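Have a look at the structure below, then the notes.
The values are calculated or read from the model by the stated rules, or taken from the named source; none is laboratory data. Note that the structure is a prediction, hence the values are computed from the model and not measured. Cβ sites come from the backbone with ideal geometry, for glycine too, and all protein chains shown count toward neighbours. Keep in mind that these areas ignore ligands, DNA and RNA; they rest on the heavy atoms of the full protein, side chains included. Shrake-Rupley method; radii C 1.70, N 1.55, O 1.52, S 1.80 Å.
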Amino acid sequence: ELRRHLRDLATHDPMTGTRNRRYLDDRMPHLVRAARGSSPLSVVMFDIDLFKQVNDTYGHSFGDRVIIGIASELTDDAPTDADVVRTGGDEFLMLLPDHDEEAAGRLADHVRRRCADLRFAASVGHVGVTVSAGVARLLPTMTADALLSAADRALYRAKVAGRDATR
């Protein structure tokens, strides 16, 4: 039981309960190898739009509540075979084995719209935030790092397009 508890501590983000970067680094090579057979693998990178401004305007405890709320939405909307990973302060990744790019894009856009509907209590009333999403699928010659880079580039395109977008 202690080993399981320590493993959970090592692979989960303590604030959100999602998986963490260590888990991602361990899991990605396995997913890529499995997808080399016949099953697709897609990833979606999510980023909370203008998060620094949110923190600066409403404070870090408010920002923490936003991160927790977004993580909860991602986790609630994730398919049972998916993993949600907090990769950075306000960045998340959804690992989607057995999802092609089209299915991953539909899911990403659904999650993005659900996140836009969330409201968080602040001193000025209820405040909404948006997220941007970048979708990528594993191509036959890609490494795990290349797949993550492709999702990052797609996320950047969503942000350049005006945020609150999926690319």
What is the antiparallel percent of DSSP beta bridges lying wholly in the chain, to the nearest 5?
-> 90 percent
Of Leu155, Leu139, Leu41, which has the largest mean-square fluctuation in a 10 Å C-alpha GNM of the chain?
-> Leu139
Given 0.36 nm per residue, what is the gain on full extension from Leu139 to Arg114 after removing their alpha carbon distance, in nm?
-> 6.1 nm
On the formula 1/(1 + (r/R0)^6), with r taken between the Cβ atoms of Ser72 and Arg157 and R0 of 25 Å, the FRET efficiency rounded to 0.05 is 0.40
Using Cα atoms only, what is the angle between the long axis of helix 2-11 and the major principal axis of the chain, expressed in degrees (0 to 90) to the nearest 10?
-> 80 degrees
State, to one decimal in nm, how far the label point of Arg36 lies from the label point of Leu50, with both points 7 Å from Cα in the Cβ direction.
-> 4.5 nm
In a GNM of the chain with a 10 Å cut-off on Cα contacts, which of Ser61, Ser132, Ser123 has the highest mean-square fluctuation?
-> Ser123
Rounded to the nearest 0.05, what FRET efficiency do Asp8 and Asp64 give with R0 = 25 Å and r taken as the Cβ-Cβ distance? Could you check?
-> 0.75
Rounded to the nearest 10, the angle in degrees between the Cα long axis of helix 21-35 and the longest principal axis of the Cα atoms of the chain comes to 40 degrees
In nm², the average projected area of the convex hull spanned by the Cα atoms of region 39-81 is 3.6 nm²
Helix 60-77 versus the longest principal axis of the chain: what is the Cα-based angle in degrees, 0 to 90, to the nearest 10?
-> 40 degrees
Net charge dipole size for region 19-156 [Lys, Arg +1 and Asp, Glu -1 on Cβ; Debye, nearest 20] | 140 debye
Excluding ligands and nucleic acids, what accessible area in Å² is computed for Thr141 using a 1.4 Å probe, to the nearest 10?
-> 130 Å²
Over the chain: helical MRE at 222 nm, DSSP H runs n ≥ 4 each giving -39500 (n - 2.57), nearest 500 = -16500 deg cm²/dmol
